[in-house]
Amino acid sequence: MKNNKRISKLLKLDCGQCSSCCRDIQVDVTDADVKRLVKHTGISADRLVRLYGHNKDDKDIEGDWFKLSYGKRAIVLNKKRNGDCMFLGKDNGCIAYKARPMTCRIFPVCAVYDEEHDIVNLEKSEVITDKTITCKCSPGRGQTYNNIMSTAKRARIEHAAFIRKIDHWNKRVKKGSKNDFLRFIGLYISTNGSR
Ligand code: SF4
Ligand code: SF4
C-alpha cells in the first residue's frame, strides 16, 4: 500500500485530547496487548479484560469471536463502573500509555486488512465515521506515514497470531470458560475460579 493524498491528510490529524475514545468505545485487544499490559501494570489478565457476547442471530464465529461453554464472545479492555476505560486517568491521560493496546496507538486511524492479513488501506476509524463518538481531532502535524505503518504492521502480525489461537480454540470439542480461554492463549490468571 502506498501513501497518497487522502492518507497524508488523514495522518495529519492531531488528537484534540477529548478522551471520547477512552470512554465510549470497546477497545479490542489481542493476547499480545494483554501481555504487555500485565507486565506494565502487574494486573492479571482476568482483571484486565472482559468479554462481551455475540449476537445470537449471527452464526459467524470467524475472526475475533471465540466459543465458550456458554456462548460466543469477544475480548475487550475492562472498564470502570462509569464506563470509562480502566486506564483513563483523572487528567484524561492514559495511565498505561507505554503499554496501551495497538488500537489506541494509531487511533483515530485504523488499518484495513485483506484476508491474508495484509494492510490494504488506512482509514478513519469506524467509530468516528459511524458517529459513535465525536472525535476532536483536527489538522495539525499528526503522525508520519512510516510510524503509523510500522505500528500497523506490528498490530497485523499480533492480530494474525491471535486469530490463529482463536481458530485452534474454536476447533476444540470441549469448550471452557473465560479463564480457560485466557489460559489457553497464554495469559496469566490470578483467580482459581472458573468464570
Ligand atoms: S476521540 Fe479523537 S480527539 Fe478525542 S482523544 Fe480520541 S483521538 Fe483524540
Ligand atoms: S488504554 Fe489508554 S489510550 Fe487506550 S482506551 Fe484506555 S485510557 Fe485510552
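A few comments on the model shown:
- Separation of the N78 and K153 label points, Cα + 7 Å toward Cβ, nm: 3.5 nm
- Equivalent ellipsoid semi-axes, the chain, via Cα gyration tensor eigenvalues times 5, rooted, Å: 29, 20, 15
- C-alpha long axis of helix 145-171 to longest principal axis of the chain, angle in °: 20 degrees
- Helical contribution to [θ] at 222 nm, DSSP H n ≥ 4, -39,500 (n - 2.57), averaged over the chain, rounded to 500: -9500 deg cm²/dmol
- Relative to one another, the C-alpha centroids of segment 1-35 and segment 89-149 are positioned 1 Å apart.
- Against the chain, whose longest principal axis comes from its Cα atoms, helix 31-41 is set at around 80 degrees.
- Amide H to amide H, with H built 1.01 Å from N, L122 comes under 5 Å of V112, counting only residues 5 or more places away or on other chains.
- Across segment 14-19, rounded Karplus estimates of 3J(HN,Hα) from the backbone phi angles (6.51 cos²θ - 1.76 cosθ + 1.60, θ = phi - 60°) give 9, 5, x, 6, 7, 6 Hz, Gly and Pro being marked x.
- When the listed pairs K39/K165; K79/K171; K72/K178 are checked against a 19 Å cut-off, the alpha-carbon distance exceeds it for K39/K165; K79/K171.
- J(HN,Hα) series, segment 43-48, from Karplus relation 6.51 cos²θ - 1.76 cosθ + 1.60, nearest Hz, glycine and proline x: 8, 6, 4, 5, 8, 7
- Across V38, V173, V112, mean-square fluctuation computed from a Gaussian network of the chain (C-alpha pairs under 10 Å connected) peaks at V173.
Any read-out appearing in this document is the output of simple, stated calculations on the displayed coordinates, not a laboratory observation. In this text, all values refer to a predicted model and were calculated from it rather than measured experimentally. So basically every Cβ, Gly included, is an ideal-geometry build from the backbone, and we count neighbours across all protein chains shown.
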